[in-house]
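Let me begin by presenting the structure, written as structure tokens, before commenting on it.
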Amino acid sequence: HGFPVRILTRSPAVVRDLDVFEWAIEQSQNQDGKLIRVGSSIPCLDEGQVRATEPSAPAPQARLRALQTLSEAGIPVYVSMSPTYPTQTRDDFDQLLRQFADLEAEVVFHEPINPRGGNFQMTIEAAREAGETTLAQELERISNDREYWVEYSLKQMEWAEELGQKHGVDVHV
């Protein structure tokens, strides 16, 4: 009906709807812009850390491959780089944003992990149970030390902006 649609998923199975997305793109050729965009949440490329905090979610590389398939088919893609973890380094961000640039992602939405809320303690426990001890310790630290949380968040937002510019990726923090 001519309404824009933005899909956000963690599932690589989204490529099964490629024909529907291509049809929607064809239908919107006479309009200003394309009506459909497909994105995925990819917080980092470290499968162990992602699996610890999102145990039932597909691996980050599988999500990247799905977005690559869609992008190669002409479907506009975007990435939700969230939540990023306090264990991620500047080099991790550089590698991640380079991958997003290769996807030709229209935009990357970045957000550091938020230690507030009831589920955060479960996230710490899940990381600990998965053997991601350093991640669990860092999550606990940002939960208990507001200044450290602010420092980590600001540092990562700066990296995201700086490295996004380096790789030609529009990053919203």
> Can you name the residue in region 129-157 that is of a type in the set (Val, Ile, Thr) and out of contact with any helix residue (DSSP H, G or I) (no Cβ under 7 Å at 6 or more places or on another chain) and is also least open to solvent (accessible area, probe 1.4 Å) among such residues?
Replying inline: VAL150
> Hey, any hits in region 94-106 for a residue that's under 21 Å from PRO12 (Cβ atoms), surrounded by 16 or more Cβ atoms within 10 Å (Cβ to Cβ) and either without any contact (Cβ under 8 Å) to a residue 24 or more places away in the chain or more than 16 Å from the chain's Cα centre (by Cα) (or both)?
Replying inline: no
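Please determine, by comparing only the residues of region 1-30 that are charged (D, E, K, R) and outside any loop (DSSP other than H, G, I, E, B), which one is most open to solvent (accessible area, probe 1.4 Å). If you could, list the steps in order and put the result at the bottom.
Our first condition is that a residue be charged (D, E, K, R); within region 1-30, this holds for 6, 10, 16-17, 19, 22, 26.
This time we only want the ones that are outside any loop (DSSP other than H, G, I, E, B), so: 6, 16-17, 19, 22, 26.
Working: ARG6: 132, ARG16: 184, ASP17: 73, ASP19: 100, GLU22: 70, GLU26: 123 Å².
Within region 1-30, the match that is most open to solvent (accessible area, probe 1.4 Å) is ARG16.
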>> Anything in region 114-173 that is aromatic (Phe, Trp, Tyr) and farther than 17 Å from ASP46 by Cβ? List them, or say none.
In response: PHE120, TYR148, TRP149
>> I'd like to verify a number: residues in region 120-142 that are in a loop (DSSP other than H, G, I, E, B) and among the aliphatic types (A, V, I, L, M), how many?
In response: 1
> When you go through GLN99, GLN95, GLN61, GLN49 one by one, which is the residue that is closer than 27 Å to ALA127 by Cβ and touching a Phe, Trp or Tyr at 6+ places or on another chain (Cβ under 9 Å)?
Replying inline: GLN49
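Is it the case that ARG10 is under 23 Å from PRO115 (Cβ atoms) and in contact with a Pro (Cβ under 9 Å, 6 or more places away or on another chain)?
On the way: under 23 Å from PRO115 (Cβ atoms): yes; in contact with a Pro (Cβ under 9 Å, 6 or more places away or on another chain): yes.
In short, yes.
The values are calculated or read from the model by the stated rules, or taken from the named source; none is laboratory data. This structure is a prediction, so every number in the text was calculated from the model and none was measured. No Cβ is skipped: glycine too gets one built from the backbone with ideal geometry, and neighbour counts run over all protein chains shown. Quick note on the areas: whole protein, heavy atoms, side chains included, nothing else; ligands and nucleic acids left out. Shrake-Rupley method; radii C 1.70, N 1.55, O 1.52, S 1.80 Å.
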